[in-house]
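Written below as structure tokens is the structure these notes are about.
The values are calculated or read from the model by the stated rules, or taken from the named source; none is laboratory data. As the structure is a prediction and not an experimental result, all values here were calculated from the model. We place every Cβ from the backbone using ideal geometry, glycine too, and count neighbours over all the protein chains shown.
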Amino acid sequence: MLLIQRACLEHYPPTLNQANLLAAFGLRVGVIDLSSAAVSNSPLNPAIQRWQVHQVWDSKTEKPVPLLRRWKNGLKFRRSVQKIIRSTRPKVVIGYDTTGCVHLHPGGKTYRTVFHFHELSEKEKGMGLGSRLAFQSSIKSSRKADLVVFSDQHRADEFQRLAGLPVPPKVVMNCPVTLATVPASPLSNHLSLTEGPVVCYLGSVGLDKGVVEVAGSMRYWPTNARWVIIGASSDAVRSAILAAADAAGAGQRVFFLGPKPHQEALALAAGATLGLSLIQPKTRNWLYSAGAVNKRFEYMALGLPQVTNDGPGVSDIVTKTGCGVCVDPYSVEAIGRSVKELLENPARLSQFRENARACHLTRFNYEVEFAKVAQWIAAQVSASPTA
């Protein structure tokens with residue numbers, strides 16, 4: 001079977017998890033994706049065949065790619081997909097998000113097609129011609145796909161309405177694979193020697209993740225509490241965070257550790273006291289993101305209580321399971337007072353940690369989430385392609 005992601009696989013842990021799990025089931029797996037200079041020591045199973053068509057663009061550190069170059073890269077990727085499908089003759093092909101699915105042609109007799117959307121495809125302001133065409137094509141083609149998968153139930157419901165799908169998509173939330181034990185953390189090596197709680201943000205750092213509001217909320221935190229940010233950030237976002245933290249009198253307690261390989265990032269986060277997963281619903285994609293936010297489930301795997309945003313489906317995952325609290329992601333005061341209350345309540349933190357680990361081990365792990373889709377794929381691989 002073949003997996004197609006027009007991005008670097010290591011930047012999408014759920015896709016990498018799928019590839020490794022499918023290979024562990026004994027299937028022959030191939031991946032078409034992009035390379036990244038920032039990736040080394042990949043956790044991808046070495047038995048998986050891989051084609052990396054060109055290098056990915058880093059939107060946080062690199063200038064935009066010229067239009068002609070983008071079109072050439074798109075054509076190169078499309079031709080590579082077609083060539084590899086012809087030569088490998090897969091029985092199942094999975095396309096991820098619009099940029100992967102647009103290269104597939106569902107309804108054929110040679111292979112089954114899965115459209116797996118991490119994101120909710122939607123028209124965006126300033127979207128170019130190529131993106132608009134890909135958006136329209138993916139919606140139309142999804143009606144003929146053998147299986148459509150989404151990372152969040154509300155995103156799935158919205159897309160079914162938008163595309164007019166005859167069958168509801170399957171939902172596979174973006175959980176990590178089972179973490180049997182919490183890793184030892186080197187986090188203290190990156191911080192000052194002073195004692196105190198540590199609040200962690202894990203993942204790509206953007207203004208729609210409530211990071212400036214968090215920085216401002218530090219005025220309410222205990223004065224020895226530090227904020228550690230693990231992930232890629234642009235200079236502009238970093239400056240905005242530091243300006244807000246300085247205004248709150250807490251600039252010296254913010255630590256940027258930068259992007260790290262996924263396993264290293266998890267180990268660093270494991271040394272924190274509390275995690276933040278605040279998503280501001282500025283688009284439908286972020287409004288419907290309860291099951292799609294990786295860090296929400298990664299904190300559970302590490303046994304970290306969390307302060308997260310309110311919104312459709314979030315309380316079912318976080319507050320009703322006793323793993324954290326939901327707040328208004330735009331409210332500096334609500335964020336700050338929630339962090340303060342938790343950091344000053346060791347008994348509640350301890351119960352949240354216990355609940356989070358139990359939820360991860362029994363429910364919110366990728367083996368459980370992906371099981372039904374994996375069984376469907378295995379059945380298709382075993383069946384005659386024309387059956």
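Taking the numbered list (1) crowded, with 21+ Cβ neighbours inside 10 Å; (2) touching a Pro at 6+ places or on another chain (Cβ under 7 Å) in turn, ASN41 passes all entries but (1).
The single condition from (1) farther than 30 Å from VAL114 by Cβ; (2) among the hydroxyl-bearing types (Ser, Thr, Tyr); (3) within 20 Å of the chain's Cα centre (by Cα) that SER151 fails is (1).
Remark: pairs (first residue in region 232-261, in the same structural domain as VAL214 (by TED's automatic domain parsing); second residue in a loop (DSSP other than H, G, I, E, B) and not hydrophobic (A, V, I, L, M, F, W, C); Cβ separation under 6 Å; 6+ apart in sequence or on different chains) = ALA232/LYS60; ALA232/SER204; ALA232/PRO259; SER234/LYS60; ALA248/ARG219; PRO259/GLY231.
Screening VAL214 against (1) in a helix (DSSP H, G or I); (2) of a type in the set (Val, Ile, Thr); (3) out of contact with any strand residue (DSSP E or B) (no Cβ under 7 Å at 6 or more places or on another chain) leaves a single unmet condition, (3). Tell me the residue from LYS76, LYS60, LYS72 that is more than 19 Å from GLY100 (Cβ to Cβ) and not assigned by TED's automatic domain parsing to the domain that holds PRO261, please. None of the others qualify; the one that does is LYS60.
No other residue among SER234, SER315, SER331 is of a type in the set (S, T, N, Q) and in contact with a Gly (Cβ under 9 Å, 6 or more places away or on another chain) apart from SER234. Inspect region 340-354 for any residue being surrounded by fewer than 24 Cβ atoms within 10 Å (Cβ to Cβ) and over 30 Å from GLY249 (Cα atoms) and give the result as yes or no. Within region 340-354, one or more residues are surrounded by fewer than 24 Cβ atoms within 10 Å (Cβ to Cβ) and over 30 Å from GLY249 (Cα atoms). Of all residues in region 355-381, those that are under 17 Å from ASP316 (Cα atoms) have Cβ atoms under 7 Å from Cβ atoms of residues that are in a helix (DSSP H, G or I) and of a type outside the set (A, V, I, L, M, F, W, C), 6 or more apart or on another chain, in ALA356/TYR299.
Evaluate the following for ARG69: is it in a helix (DSSP H, G or I) and not aliphatic (A, V, I, L, M)?
For ARG69, the condition - in a helix (DSSP H, G or I) and not aliphatic (A, V, I, L, M) - is met.
Residues in region 134-175 that are among the charged types (D, E, K, R) and buried (at least 24 other Cβ atoms within 10 Å of the Cβ): 2 in all.
Taking the conditions (1) within 24 Å of ALA371 (Cα to Cα); (2) over 23 Å from the mean Cα position of the chain (by Cα); (3) surrounded by fewer than 21 Cβ atoms within 10 Å (Cβ to Cβ) in turn, VAL92 satisfies each one other than (3). Within region 242-289, if we keep just the residues that are within 19 Å of the chain's Cα centre (by Cα) and among the hydroxyl-bearing types (Ser, Thr, Tyr), the residue that is modelled with the lowest pLDDT turns out to be THR283. Is it true that GLU333 is of a type in the set (D, E, K, R) and either on the phi > 0 side of the Ramachandran plot or touching a helix residue (DSSP H, G or I) at 6+ places or on another chain (Cβ under 9 Å) (or both)? Taking the combined requirement at face value, the residue satisfies it. Summed over region 72-125, the residues that are in a loop (DSSP other than H, G, I, E, B), farther than 29 Å from ASP157 by Cα and among the β-branched types (Val, Ile, Thr) give a count of 1. Answer yes or no: is there a residue in region 365-379 that is in the same structural domain as ALA267 (by TED's automatic domain parsing), of a type outside the set (Asp, Glu), over 20 Å from the mean Cα position of the chain (by Cα) and buried (at least 19 other Cβ atoms within 10 Å of the Cβ). No, every residue in region 365-379 fails to be in the same structural domain as ALA267 (by TED's automatic domain parsing), of a type outside the set (Asp, Glu), over 20 Å from the mean Cα position of the chain (by Cα) and buried (at least 19 other Cβ atoms within 10 Å of the Cβ). Starting from region 162-175, keep only residues that are part of a helix (DSSP H, G or I), then list their pairs with residues that are of a type in the set (Gly, Ala, Ser) whose Cβ atoms are within a distance under 9 Å, requiring at least 6 positions of separation or different chains. Sorted first by the residue in region 162-175, then by its partner, the pairs are LEU162/SER121; ALA163/SER121; ALA163/SER138; ALA163/SER142.
Being outside any loop (DSSP other than H, G, I, E, B), aliphatic (A, V, I, L, M) and within 17 Å of ARG112 (Cα to Cα) narrows it down to one of ALA19, ALA23, so name that one. Answer to the selection: ALA19. Taking each residue of region 213-226 that is surrounded by 20 or more Cβ atoms within 10 Å (Cβ to Cβ) and looking for partners that are hydroxyl-bearing (Ser, Thr, Tyr) and modelled with pLDDT under 95 with beta-carbon atoms closer than 9 Å, six or more apart or interchain, yields ARG226/SER192; ARG226/THR194. Picking from residues in region 146-181 that are at pLDDT 95 or above and among the small types (Gly, Ala, Ser), the one that is nearest to VAL293 (Cα to Cα) is SER151.
Filtering HIS103, HIS54 for residues that are touching a residue at least 60 places away in the same chain (Cβ under 8 Å) and touching a strand residue (DSSP E or B) at 6+ places or on another chain (Cβ under 9 Å) leaves a single hit, HIS103. Scanning region 87-102 for residues that are more than 11 Å from LEU2 (Cβ to Cβ) and either modelled with pLDDT under 95 or among the small types (Gly, Ala, Ser) (or both) turns up ASP97, THR98, THR99, CYS101, VAL102.
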